[in-house]
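Derivation of every value follows stated rules applied to the coordinates shown; laboratory data play no part. Owing to the predicted nature of the structure, the values given are computational and were not obtained by experimental measurement. As a convention, Cβ positions derive from the backbone with ideal geometry for all residues, glycine included, and neighbour counts pool all protein chains shown.
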Amino acid sequence: MRAFYHPDQSLHDPKQYMRFGQIVAPKDLPERTAQLLGALKKHGVTPEQPAASGTDPILAVHSEGFVRFLETLWPRWLELPERGPEAWPNTFPYWSGRTDESVRPPCRPTGIMGQLGWYLGDLSVPVGEHCWTSTLRSAETAVAGADAILSGERAVYSLCRPSGHHARADRATGFCYINNTAVAAQRLRSKFGKVVILDVDAHHGDGTQQIFYRRDDVLTISVHADPVDYYPFFTGYADETGNGPGEGFNLNLPLAHGTGGEAMAAAVDKAGAAIKAFGADALVIALGYDAHKDDPIGVLKLDAADFGTIGAKVKAFGLPTLVVQEGGYAIEAIGGCLDAFLGGFK
């Protein structure tokens, strides 16, 4: 298996995270990547550094106003006379969440504080000095993985950080700024007629769902903890099946809190049946480890070995497969999770 990673992805080092009404230490720490690199090394995989691809592949799934906002935010933040250590919103606009709209109207405010509330969706996406650099490199890592699949590779791993599956077409949220999984899937569409995204992160891939919700060429499937009392709360329910031309091409498989590997395996089997019925030509796996029993913000109870089961099932789908790294915050456990996944995938 080929792999891609850029060391600039470790520059992103957030200082703030709002949880249960208080500012706490962030969970998406740079040390996560060292654990995952160690797992790759154990399997004899040396990641390649992705080439610079710029923002064009990103703009294929994200609005230009949003991308340019992220790209220029930090120097604008430094111009404020009083400011905190990172750019953080202090207001959020009401939006109806209409599923028949692919993107919201352009942001009307021109000032930084109004734009912060429009483009940053919650208090888990602070923007610091190196955030954009790491975000761009993370997306380029996903692009490089997709390009390797387009060139004939059957299996590729993109070690992406920051993660991406919560990022919507024009909004960052949930530790995610640019949707790496969506960028990669769109890239694969240049060759493959039907692409499927299978998200096994503990959190619903709400951004990925939103980006493809009105399309029938990309099947989106998310296996995640029931959002009735878990982030992202407002999406991820079984009755969300697509809109307009995308009706029937979105599948959510929520799991009861406290369940473990057996329930996850059964859900992946259901996903496999949907993938076969769809007639997919290529597969993107959004792989998170926050379903592990030790995850500090998790509610599922998988063991590391359960990720090996996921890997074996994904391998059995028999499709060209790009694995895009998503969440997982139990730093001492995530290396073992990737190790098990790679072992099962062989």
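A compact table of results
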{"quantity": "Integer Hz, Karplus 6.51/-1.76/1.60 couplings in order for region 18-34, x for Gly and Pro", "calculated": "8, 8, 6, x, 9, 7, 10, 5, x, 9, 8, 8, x, 5, 4, 5, 4"}
{"quantity": "Cα-based Lys pair tally, region 2-345, threshold under 17 Å, eight or more apart or on separate chains", "calculated": "8"}
{"quantity": "Beta bridges by DSSP in the chain, antiparallel share as percent, to the nearest 5", "calculated": "15"}
{"quantity": "In Hz, Karplus ³J(HN,Hα) per residue of region 196-207 (6.51, -1.76, 1.60; θ = phi - 60°; x = Gly, Pro)", "calculated": "10, 10, 10, 9, 10, 5, 5, 9, 4, x, 5, x"}
{"quantity": "Within region 121-165: backbone nitrogen closer than 16 Å to the LEU78 label point (7 Å, Cα to C-beta)", "calculated": "127-134"}
{"quantity": "Centroid-to-centroid separation of region 186-219 and region 323-346 [C-alpha atoms, Å]", "calculated": "21"}
{"quantity": "Student exercise, the chain dipole from Lys, Arg, Asp, Glu Cβ charges, in Debye to nearest 20", "calculated": "520"}
{"quantity": "Chain lengthening between THR110 and HIS257 when straightened (0.36 nm per residue, less Cα-Cα)", "calculated": "48.7 nm"}
{"quantity": "Gain in span if fully extended, THR241 to VAL24, counting 0.36 nm per residue against the direct Cα distance", "calculated": "74.6 nm"}
{"quantity": "5 angstrom amide H check on TYR17, placed H, neighbours 5+ away", "calculated": "VAL24"}
{"quantity": "Packing-based ranking, highest mean first, of 257-270, 302-315 given that Cβ atoms within 10 Å are counted", "calculated": "302-315, 257-270"}
{"quantity": "For region 128-136, 3J(HN,Hα) per residue [Karplus equation, 6.51 cos²θ - 1.76 cosθ + 1.60, θ = phi - 60°, Hz, x = Gly/Pro]", "calculated": "x, 4, 9, 4, 5, 4, 5, 5, 5"}
{"quantity": "Packing-based order for 202-214, 29-41, using average beta carbon neighbours within 10 Å, highest first", "calculated": "202-214, 29-41"}
{"quantity": "Separation between Cα centres of region 21-62 and region 239-278, rounded to whole Å", "calculated": "26"}
{"quantity": "0 to 90° range, to nearest 10: angle between helix 331-345 axis and the chain longest Cα axis", "calculated": "40"}
{"quantity": "Sequence ranges 239-251, 43-55, 70-82, ranked by mean other-Cβ count within 10 angstrom, highest first", "calculated": "239-251, 43-55, 70-82"}
{"quantity": "Where labels lie 7 Å past Cα in the beta-carbon direction, separation of LEU59 and ASP122 in nm", "calculated": "3.0"}
{"quantity": "For the chain, calculated [θ]222 nm from helices alone, where every DSSP H run of n ≥ 4 adds -39500 (n - 2.57)", "calculated": "-11000 deg cm²/dmol"}
{"quantity": "Between helix 261-278 and the chain: long-axis angle, C-alpha atoms, 0 to 90°, nearest 10", "calculated": "90"}
{"quantity": "Förster radius 30 Å - calculated FRET efficiency between GLU101 and ASP13, Cβ distance, rounded to 0.05", "calculated": "0.30"}
